[in-house]
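Contents: one structure, followed by commentary.
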Amino acid sequence: MKRELASWYSPALSKEMPIATYGDYGFALLLVPTAAADYLEYERFQLMDHLKPFINAGKVKVFSIDSINNESWLNNNMDPFHKSIRHQQWNDYVFNEVIPFIRHSTSQDTPVITCGASFGALHSMNLFLKRPDIINGVIAMSGVYDLTEYTKGHYDDHVYFNSPMHFMPNLTDHQVLEQIRRSKNIHIVTGSGSYEDPSGSGKLAKVLYDKGIWYELDIWGEEWPHDWNTWRAMLPHYLGSKF
C-alpha cells in the first residue's frame with residue numbers, strides 16, 4: 001500500500017497541518033479523526049490495514065487529516081466564543097486547502113467522500129452538508145449530529161451553522177438542497193452496543209427525510225459498541241458494497 005505524508009502551513013489555522021495519503025487511484029475518501037486525535041489515528045488503530053485491499057485495487061485513495069478539537073470544543077480552558085471561531089477556521093482549512101490538495105492529487109472530477117467516526121462523524125456530515133458543491137457524499141459512523149452535545153452549553157451562530165440538527169431543518173436554499181439531493185452516498189451508520197446512540201442517527205435521518213434528501217440509515221446490532229472493532233468492520237463493508 002502506497003503511503004505518503006505531507007504538510008503545509010495553513011493560512012486558515014496559522015499552523016503547520018499534516019496529511020497522510022494512501023494509494024494512487026479511485027475516489028477520494030477524506031478521513032476526519034475522532035475526538036482530539038490526529039491524522040494518523042486511523043492508521044494506529046489498524047483501520048488502514050482493513051482498507052488495504054480496496055486501496056491496492058485502485059478503488060479508493062484515502063486522505064487523512066488532523067482535527068483541532070483540542071484547540072476548540074474539547075479545550076476546557078478556552079473561551080467558548082473563541083472555540084467556535086477556531087472551528088470555523090478549521091472548516092475553512094478543509095474547504096480552501098484540503099479539497100484543492102485532493103483535487104491536485106487526483107483530478108477535478110474525482111468524487112470526494114468525507115468519513116469519520118464519533119465526533120469525526122459529526123464533522124464529516126457537517127462538511128458535506130455545508131459544501132455539497134465540492135464534497136460528493138459522506139460515510140458517518142457512530143455520530144451524534146447536535147454540536148451542542150460538545151459545547152458545554154455555549155450556543156452562537158457558529159455553533160448553529162456547524163450543527164446539522166440545528167441548521168438543516170431551516171435550510172431553504174434550493175440550490176444547496178438540490179446539490180445535497182443529487183448525492184447517492186449519504187450513509188449514516190451506527191451500532192447499538194455500549195456507548196452508541198442510534199437515536200442520534202435516527203434524528204438526523206428524519207431531518208433529511210423531511211427535506212426530501214435520499215440517505216441510508218444503517219443501525220447495526222447490540223454486539224457493535226462505540227469502538228474501533230465496529231468501525232474496522234463498518235467502513236470496509238461500505239467500501240465493498242456501496243462504492
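Rule-based calculations on the coordinates, nothing more; no lab input. What you see is a predicted model; the values in this text were computed from it and never measured. Note: ideal-geometry Cβ built from the backbone for every residue, glycine included; neighbour counts use all protein chains shown.
Tabulated data for the structure shown
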read-out	value
Whether the chain is rounded, prolate or oblate, judged on the alpha carbon gyration tensor where a/c under 1.5 counts as rounded	rounded
Residue of Asp38, Asp49, Asp24 that the Gaussian network model of the chain assigns the largest fluctuation, springs spanning Cα pairs under 10 Å	Asp49
Spatial separation of Cα centroids for region 209-233 and region 160-187, in angstrom	19
Ser10 long-range amide H proximity, modeled H, under 5 Å	Lys15, Glu16, Met17
Estimated distance in nm for a label pair at His154 and Phe81, the labels positioned 7 Å out from Cα along Cα-to-Cβ	1.1
Interchain or long-range residues, amide H under 5 Å from Glu196's placed H	His226
The chain: antiparallel DSSP beta bridges as a percent of all, rounded to 5	35
Magnitude of the charge dipole, the chain, Cβ model with Lys/Arg +1 and Asp/Glu -1, debye to 20	560
Per-residue ³J(HN,Hα) for region 231-242, Karplus 6.51 cos²θ - 1.76 cosθ + 1.60, θ = phi - 60°, Hz, x for Gly and Pro	6, 5, 8, 5, 5, x, 4, 6, 5, x, 10, 10
Given the chain, longest segment not containing exposed loop GluC sites (Glu not before Pro) (DSSP; at most 16 other Cβ within 10 Å)	1-221
Sequence-separation-based contact order of region 3-241, relative, with Cα cut under 8 Å and 6+ spacing, percent	17
Alpha-carbon centroid distance for the pair region 14-54 / region 56-127, whole angstrom	11
GNM top mover of Lys152, Lys130, Lys83 - the chain, alpha-carbon springs below 10 Å	Lys152
Per DSSP, loop chymotrypsin sites (Phe, Trp or Tyr not before Pro) in region 1-75 with at most 16 further Cβ within 10 Å	Tyr25
